[in-house]
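This report concerns only the one structure given below.
The values are calculated or read from the model by the stated rules, or taken from the named source; none is laboratory data. Since this is a predicted model, take the numbers as computed values, not measurements. Virtual Cβ from ideal backbone geometry, glycine too; neighbours counted across all protein chains shown.
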Amino acid sequence: GAVVSQHPSWVICKSGTSVKIECRSLDFQATTMFWYRQFPKQSLMLMATSNEGSKATYEQGVEKDKFLINHASLTLSTLTVTSAHPEDSSFYICSARSSGVGNTIYFGEGSWLTVV
Amino acid sequence: KNQVEQSPQSLIILEGKNCTLQCNYTVSPFSNLRWYKQDTGRGPVSLTIMTFSENTKSNGRYTATLDADTKQSSLHITASQLSDSASYICVVSVGGSYIPTFGRGTSLIVHP
């Protein structure tokens, strides 16, 4: 079945540095990808919606200059957390929407980010 | 405003018992409704997807129902197992744009 690969699965970085998380759709083309963050025991929070070849649409309260999203191809979207701070530590998940029947959404396995 | 409300927020049951999770939505126009299972620290995994014309869909011990008139869905888990302990998320997509609206999830704990 369709798979969404997310990399890295976990990363530790120093405060002030930038971290890039990749989201790849395997075996299908994803015209739209979504990025979420999730704090422990809380629900998924949509950060932004990204369409291939265009600028991402950010949800209210999400800083677009801090969370840079690039969706350069139909199989790859990246999220860059710039100048990371400890409060950015979270679980980041991406999902990709298949343009096939039902427009099914497939989720990546998530990336744990810890900023120290 | 498109919203998806799930209940209960959390649920504890004994292994082997059945349970039903609820999802009410106000999303319009409606495209489809999906139930996902999310294990702690993992990405959500799709259980079922239903369109407007479908009122029930099964996946093993999971059975989802949809009443498009009342805008309600339920996920029934039969003969629960310890591995069913997870968060169950209801997602409703808007017709046309297919933008998903997420429920906050129901946290299920299955005790031995």
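Overview of values
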quantity: Filter result for B:Ser74 (part of a strand (DSSP E or B) and away from every other protein chain (no Cβ under 11 Å)); calculated: yes
quantity: Pairs, first of a type in the set (Val, Ile, Thr) and surrounded by 12 or more Cβ atoms within 10 Å (Cβ to Cβ) in the stretch B:67-84, second at pLDDT 95 or above and not in a strand (DSSP E or B), C-beta under 8 Å, six or more apart; calculated: B:Ile77/B:Asn18; B:Ile77/B:Arg61; B:Ile77/B:Asp84; B:Thr78/B:Asn18; B:Thr78/B:Arg61
quantity: Residue count for the stretch B:20-65, restricted to those that are assigned to a strand (DSSP E or B) and under 14 Å from B:Ser93 (Cβ atoms); calculated: 14
quantity: Conditions (1) buried (at least 18 other Cβ atoms within 10 Å of the Cβ); (2) part of a loop (DSSP other than H, G, I, E, B); (3) of a type outside the set (Gly, Ala, Ser): number failed by B:Val91; calculated: (2)
quantity: Matching residues, the stretch A:57-88, being crowded, with 19+ Cβ neighbours inside 10 Å and not in a strand (DSSP E or B); calculated: A:Thr75, A:Ala84, A:Asp88
quantity: A:Lys41 surrounded by fewer than 15 Cβ atoms within 10 Å (Cβ to Cβ), away from chain B (no Cβ under 14 Å), at pLDDT below 95 and not in a strand (DSSP E or B); calculated: no
quantity: B:Gly105, sole failed condition from (1) surrounded by fewer than 21 Cβ atoms within 10 Å (Cβ to Cβ); (2) out of contact with any Pro (no Cβ under 6 Å at 6 or more places or on another chain); calculated: (1)
